[in-house]
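The values are calculated or read from the model by the stated rules, or taken from the named source; none is laboratory data. Every value quoted in this text rests on a predicted model; they were computed, and no experiment measured them. Don't worry about glycine lacking a Cβ; one is built from the backbone with ideal geometry, like all the others, and counts go over all protein chains shown. Just the protein is used for accessible areas: all its heavy atoms, side chains included, with ligands, DNA and RNA removed. Shrake-Rupley method; radii C 1.70, N 1.55, O 1.52, S 1.80 Å.
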Amino acid sequence: MGVRFRGWGIAVPDRVVTNAELSLTLDTSDEWITERTGIRERRIGGSAKTLGVLAGQRAMDDAGMSTADIDFLVLATTTPDRIAPATAPMIANELGLTCPAMDVNAACSGFMYAIRTAYGLLETGNKRILVIGAEHLSRWVDWSDRNMAVLLADGAGATVLEYDPNGTDLISFCLGADGSAADLLTCEHGGYFQMNGREIFRRAVRVVVDSAEKALATAGLTADDLSLVIPHQANIRIIQAATQRLGIEMERAVIVLDRYGNTSSASIPLAYDDARQNGRIKPGDYALMTGFGAGLTWASAIVRWS
Ligand code: UT7
C-alpha cells in the first residue's frame, strides 16, 4: 500500500507572547523558561476551527488540490471549539468540503494518530485525505498557573495524504496508549490543564525511544539511516534525552518550540514546515516523526520523502 504526502500548510496566530511578557504577571523568568524548556516565545489566539481552516486551505493549495479532490477530513485536536459538534465538520464547511469529517483526540500524539487513521482510510478505498492538527490550548490555560502558562500555545498544521499504488512515503508506525497514566496530564470539563511535569517528562523519553526503535525495526532501518527527526515540541530537554538515547545527534532534530511553545497536535506539522523552509526535506531521505502526550499516548512513524 502506498501513501504520499502531497502538500503541507501551517497557521499560527499573529500575537506573540514572549517569556519576558509572562514574567510580568507570573513568578517566573525568561532564564528559567529558556533553560528548563527551550521556549522563548509562543503564539496565542484564534481557535481550533479558524487556525485549522487556514492550515487546511494552505495544505490543499500546496498540493494543488481543490475541494472536489478531498474525500475525508481527519482533524487532530485536544481543544475542539465545542464538545459537540466536532470541529472537523465546521472546518470542512468553511473549506467547502462535503466529505466525511471527524475529530481525533490523542493529545500531543494527535497528529501522528490522525496520520495513522488516514493511512487506514486510504487502505480501504479513500483517495485523498486532508489531515489537520489544530489547537487552541491557551483557552484551557489558567494564566495564573506558571506550570502550564509557560508551556502551552496555539497553532495548526496540515497535510494532504494521497493513495499511490506505486510507492510510499509512510514506511512504518508504532503507536501506543497507557490509560493507567491518565491522571498525569488532564483538563477537566470547564477546568484548566494540569500536569505532573516531572513524571510526564520521564515517561515521554521512554515511550519516544521505545516507539522509535520499534518503528525503525519494522522499517528494517537503524537510527543511523535517519536524516531528520521531527519530534513533538514539548521541551527541548525531552528531545535531547530521547535523541541521545537513540544515538542521534541533536543537529538532526527539528526544533521550533523556541518560537511556538507546545502546540500539541500542531507541533509536528509546524516542525515539518520549518524543516522544509530551511531545505532540510530531501527526496530519498528517511525521517522519524514522533509524538507523545496526555493519555498517555505515543506515536512514531518512519517516512521517506518522495
Ligand atoms: O506535551 C506533552 C506533555 N507535556 C510535557 O511533555 C511536559 C513534560 N515536563 C516538562 O517539560 C518539565 O517537567 C517542566 C518544564 C514542566 C518542568 O521542568 P522541570 O525541570 O521538571 O522542573 P520541576 O517541575 O522539577 O521544578 C523545578 C523547580 C521547582 O522549584 P523547587 O521545588 O526546586 O524550589 C518549581 O517550583 O522550578 C520551579 N518552577 C518554576 N520556576 C519558574 C516550576 N515551574 C516554574 C516556572 N518558572 N514556570
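Suppose the filter is acidic (Asp, Glu), more than 30 Å from ASP30 (Cβ to Cβ) and out of contact with any Asp or Glu (no Cβ under 9 Å at 6 or more places or on another chain); does ASP183 pass it?
Against the criterion (acidic (Asp, Glu), more than 30 Å from ASP30 (Cβ to Cβ) and out of contact with any Asp or Glu (no Cβ under 9 Å at 6 or more places or on another chain)), ASP183 qualifies.
Please go through region 251-263 and pick out each residue that is more than 18 Å from THR222 (Cβ to Cβ) and either open to solvent by 30 Å² or more (accessible area, probe 1.4 Å) or touching a residue at least 60 places away in the same chain (Cβ under 8 Å) (or both).
ILE255, LEU257, ASP258, ARG259, TYR260, GLY261, ASN262, THR263 - these are the residues of region 251-263 that are more than 18 Å from THR222 (Cβ to Cβ) and either open to solvent by 30 Å² or more (accessible area, probe 1.4 Å) or touching a residue at least 60 places away in the same chain (Cβ under 8 Å) (or both).
Does any residue in region 183-204 that is outside the structural domain of ILE236 (by TED's automatic domain parsing) and in a helix (DSSP H, G or I) come within less than 8 Å, Cβ to Cβ, of a residue that is away from the ligand (no atom under 11 Å from the Cβ) and not hydrophobic (A, V, I, L, M, F, W, C) six or more places away or on a different chain, and which pairs are these?
none
Return yes or no: is VAL207 open to solvent by less than 50 Å² (accessible area, probe 1.4 Å) and within 12 Å of the ligand (Cβ to nearest atom)?
yes
What tally of residues in region 31-53 results from selecting those that are more than 10 Å from the ligand (Cβ to nearest atom) and not in a loop (DSSP other than H, G, I, E, B)?
Qualifying residue count for the region: 10.
Any idea which of LEU161, LEU137, LEU152 is more than 13 Å from the ligand (Cβ to nearest atom), modelled with pLDDT of 95 or more, open to solvent by less than 20 Å² (accessible area, probe 1.4 Å) and of a type outside the set (S, T, N, Q)?
Going through LEU161, LEU137, LEU152 in turn, the sole match is LEU161.
List every residue pair whose Cβ atoms lie under 6 Å apart, where the two residues are 6 or more positions apart in sequence or sit on different chains, the first residue falls within region 223-234 and is outside any strand (DSSP E or B) and open to solvent by 10 Å² or more (accessible area, probe 1.4 Å), and the second residue, located anywhere, is within 16 Å of the ligand (Cβ to nearest atom) and not aromatic (Phe, Trp, Tyr).
Sorted first by the residue in region 223-234, then by its partner, the pairs are ALA234/ASN262.
Looking at region 120-130, is at least one residue open to solvent by less than 30 Å² (accessible area, probe 1.4 Å), among the polar types (S, T, N, Q) and either at pLDDT below 95 or under 23 Å from ILE83 (Cβ atoms) (or both)?
no
Determine the pairs where a residue that is outside the structural domain of VAL208 (by TED's automatic domain parsing), located within region 264-291, has a partner that is open to solvent by less than 30 Å² (accessible area, probe 1.4 Å) and at pLDDT 95 or above with Cβ atoms under 7 Å apart, the partner being 6 or more residues away or on another chain.
Going by the 7 Å Cβ cut-off, there are no qualifying pairs.
Specify which of the listed residues (ALA182, ALA84, ALA88) is farther than 25 Å from ALA215 by Cα and surrounded by fewer than 24 Cβ atoms within 10 Å (Cβ to Cβ).
Sole residue among the options that is farther than 25 Å from ALA215 by Cα and surrounded by fewer than 24 Cβ atoms within 10 Å (Cβ to Cβ): ALA84.
Tell me which of these ALA101 doesn't satisfy, since it passes every other one: (1) away from the ligand (no atom under 16 Å from the Cβ); (2) among the aliphatic types (A, V, I, L, M); (3) open to solvent by less than 10 Å² (accessible area, probe 1.4 Å).
(3)
Residues GLY110, GLY56: which one is open to solvent by less than 30 Å² (accessible area, probe 1.4 Å), more than 16 Å from the ligand (Cβ to nearest atom) and either at negative phi or in a loop (DSSP other than H, G, I, E, B) (or both)?
None of the others qualify; the one that does is GLY56.
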